[in-house]
Amino acid sequence: MARQPRAIRTRNAVLTAAAEVFARRGYEAANIAEILTQAQVTKGALYFHFASKEELARGVLEHAVTGTVDHPVKVQALVDTGLLLSRRLPNEPILRGAARLAADQGAGAFFGGPWPMWTDLTARQLAEAKEAGEIYESVDPMGTAEVLVGAFTGMQLMALASGTEQELVRLTSKLYELVLPGITMPAVLQRVDTSPARSDALLEQARAQNAAEPAPEEAAESA
């Protein structure tokens, strides 16, 4: 049975509020009272969807791992997913909250290190590229994913210090430029675009796709 539109709106409001509080305070300092004030919902409404602060944080992290990009070249799909994330992150509360949780040592004990869900996603993309013969047989998908996600987590802090929205895109582009030659077949590498400018087209494509899809409330009402 589809969720009721009001319940969907409440859950989204709670997730967005929690992400904003986590982004400001970090995991340990965040508290349910502030999240309730930010979301403008009752305690009962919040606990109906999330039983604890830990569940809220997991919800934020899960919701953030949604911006995957499909492409016939699997390595390009990997790059596009990272470029799109780096382009969206400065402007989207849930992504900012997830980024803070990813870098928060206080949350690491609960979530198994920085962005474990994003690490799993990256490892799957690398495994698909390996199966397609696009990267070297010797490449360890999980180990490479851990390096990429760990580097991305550090780059978030560098980009934040710069104060410019495009800095994370530039650093992400540079990361792929440096890493891909060591893991990618030369014939495939020639076809992969890692330029920062590509992120603009990816963002427009994602916005057009979202605009064409029904909102969760509409989908629930028509189900």
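The values are calculated or read from the model by the stated rules, or taken from the named source; none is laboratory data. Keep in mind that what you see is a predicted model, and the values were worked out from it rather than measured. Using ideal geometry, Cβ is built from the backbone for each residue, glycine included, and neighbour counts are taken over all protein chains shown. Quick note on the areas: whole protein, heavy atoms, side chains included, nothing else; ligands and nucleic acids left out. Shrake-Rupley method; radii C 1.70, N 1.55, O 1.52, S 1.80 Å.
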| field | Matching residues in segment 21-51 - criterion: being at pLDDT 90 or above and acidic (Asp, Glu) | value | Glu34
| Members of segment 9-33 found to be open to solvent by less than 20 Å² (accessible area, probe 1.4 Å) and either of a type outside the set (Gly, Ala, Ser) or not in a helix (DSSP H, G or I) (or both), listed by number | Val14, Leu15, Val21, Phe22, Tyr27, Ala30
| task | Among the residues of segment 78-103, count how many are of a type in the set (Asp, Glu) and more than 13 Å from Thr172 (Cα to Cα). | result | 1
| When you look at Val192, is it assigned to a loop (DSSP other than H, G, I, E, B) and either surrounded by 15 or more Cβ atoms within 10 Å (Cβ to Cβ) or not small (Gly, Ala, Ser) (or both), yes or no? | yes
| remark: Across (1) open to solvent by 10 Å² or more (accessible area, probe 1.4 Å); (2) in a helix (DSSP H, G or I); (3) touching a residue at least 24 places away in the same chain (Cβ under 8 Å); (4) among the hydroxyl-bearing types (Ser, Thr, Tyr), Thr37 clears everything bar (3)
| field | Failed condition for Gly150, given (1) modelled with pLDDT under 95; (2) buried (at least 17 other Cβ atoms within 10 Å of the Cβ) | value | (2)
| field | Pair list, Cβ < 6 Å and 6+ apart or interchain, from segment 45-65 residues that are in a helix (DSSP H, G or I) to residues that are polar (S, T, N, Q) | value | Ala45/Thr10
| query | Which of the residues spanning segment 160-186 are touching a residue at least 40 places away in the same chain (Cβ under 8 Å), within 18 Å of Leu203 (Cα to Cα), not polar (S, T, N, Q) and not in a loop (DSSP other than H, G, I, E, B)? | reply | Leu168, Val169, Leu171
